[in-house]
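Each remark here refers to the structure printed beneath this line.
Derivation of every value follows stated rules applied to the coordinates shown; laboratory data play no part. The structure displayed is predicted, hence computed values, not measured ones. So basically every Cβ, Gly included, is an ideal-geometry build from the backbone, and we count neighbours across all protein chains shown.
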Amino acid sequence: MKQIEIGHGSGGKLTRDLIEKTFFKYLRSEELRRLDDAASIELEGSLCAITTDSYVIRPLFFPGGDIGKLSVCGTVNDLVVSGAYPRYISLGLIIEEGFPFEELERIVKSIGETSGSAGIRVVTGDTKVVEKNKCDGIYINTTGIGEIIKPLPLDGVSPGDAVIITGTAGDHGTAVALARNEFEIDAPVESDCASLNDMLIPLFEIDGLRWMRDPTRGGVATVLVELAEMSGLGVEVIEERVPVREDVAFIQDMLGFDPLYLANEGKAVIITSGESANKVLEILKGHPLGRDAAMIGKISSRFNGVRLKTKIGGERLLDMLEEDMLPRIC
């Protein structure tokens, strides 16, 4: 009998297979089949975005954040990269019997502070408690609702468009990996966990803005592969242009990780017209979260898929993540 594997939650190939062969078999809504970070729905003449996510990260507290902060930032970012202004968020908690009240209070305080600074209101919620050893401490589910300001349909992406990342790749994945104390590496790497609405909403004014996505599970590479598959276009990435912190790159080399496939929780991949790329970079670099923003490639009609021009002058194809390098990363 076939069974669920840990890789089915990776955001890569196994996740896509699960969605297409099981969920799409019985769930047939047009909105779901678009596989957007947030679905676009119309309510009484207004265009809204709705997104949902669950957070099962291990450990619950890590350098740069915790499961509470992560749950809010992840929801806010899914809305804003869909061209929406984040408005409301729900909060569902599954808590294990025996979980310390002190840790719960830290998490809820973090949710309150993060949602307050991001300008999104927690308006409803639910709490369930399960027996001891039936849950790994605490899991969080959120649903976010936003007002769509800048529709960003995938069919707006065209050959010649620029591919931009708002900052260094792989920080979150590296920080969480080290926080698990499995590798005996002591390094001051913090997660990039952050809400991106203050930085990204000003881009809504740019006519050449085409599409955005936050590269969480599966990293930058998986996002670009999905883009290539859904658009039928190619993506050319220049490896030496991809910003990676020096200490993060060193650790990733030691552990055999590829920064293009590691999760990020405070970055966005942006597709914009070639003419507007410099303006987009100017806005991004003017914000503290975007100071390392870079144009890392372009959209092409000469081939399909994603091609990486390596630092040594070669070329390799990028594919979706096959196996989960770091499960329970968000």
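³J(HN,Hα) across the stretch 36-42 via Karplus (A = 6.51, B = -1.76, C = 1.60, θ = phi - 60°), whole Hz, x for Gly/Pro?
Couplings: 7, 5, 9, 7, 9, 10, 10 Hz.
Residues with amide H under 5 Å of residue 235's amide H, sequence separation 5 or more or different chain, H placed in the peptide plane at 1.01 Å from N; which?
When sequence neighbours closer than 5 places are left aside, the close amide H contacts are 300, 305, 306, 307.
Kirkwood Rh, Cα Rg: Rg to Rh for the stretch 38-148?
Result for the stretch 38-148 is an Rg/Rh of 1.01.
Go through 109/134; 285/311; 128/267 and tell me which ones have a Cα-Cα distance over 29 Å in this structure.
128/267
What are the residues whose amide H is under 5 Å from the amide H of residue 157, where those residues sit 5 or more places off or on another chain and H is modelled from the backbone?
Those qualifying (amide H under 5 Å, at least 5 residues apart or on another chain) number zero.
How do the peptides 182-195, 293-306, 128-141 rank, highest first, by the average count of neighbouring beta carbon atoms within 10 Å per residue?
Those peptides, ordered most packed to least, come out 293-306, 182-195, 128-141.
Distance from the Cα centre of the stretch 208-272 to that of the stretch 51-100, in angstrom?
Cα centres, the stretch 208-272 to the stretch 51-100: 21 Å.
Report, in deg cm²/dmol and to the nearest 500, the calculated mean residue ellipticity at 222 nm for the chain, where each DSSP H run with n ≥ 4 adds -39500 (n - 2.57) and the sum is divided by the residue count.
-7500 deg cm²/dmol
The stretch 1-48 to the stretch 281-330: how many Å between their Cα centroids?
For the stretch 1-48 versus the stretch 281-330, the Cα centre distance is 23 Å.
Using just the C-alpha positions of the stretch 154-318 as equal point scatterers, what log10 of I(q)/I(0) does the Debye formula give at each q in 0.12 1/Å?
Log10 I(q)/I(0), no solvent term: -0.51.
Apply the Karplus parameterisation 6.51 cos²θ - 1.76 cosθ + 1.60, with θ equal to phi minus 60°, to every residue of the stretch 318-330 and state each ³J(HN,Hα) to the nearest whole Hz, in sequence, with x for glycine and proline.
Working through the residues one at a time gives 9, 10, 5, 4, 7, 10, 7, 5, 9, x, 6, 8, 8 Hz.
Treat every Asp and Glu Cβ in the chain as -1 and every Lys and Arg Cβ as +1, leave all other atoms uncharged, and give the resulting dipole magnitude about the Cα centre to the nearest 20 debye.
560 debye
What net charge do the residues around residue 188 carry, taking every other residue with its C-beta under 13 Å from that of residue 188, with Lys and Arg at +1 and Asp and Glu at -1?
-4
So what J values fall out for the stretch 120-125 if you push phi through Karplus, 6.51 cos²θ - 1.76 cosθ + 1.60 with θ = phi - 60°, rounded to Hz, Gly and Pro as x?
10, 9, 7, 10, 7, x
Near the amide H of residue 296, under 5 Å away, which other amide H atoms are found, from residues 5 or more places off or on another chain, if H is placed in the peptide plane?
Distant-sequence amide H within range of residue 296: 163, 164, 165.
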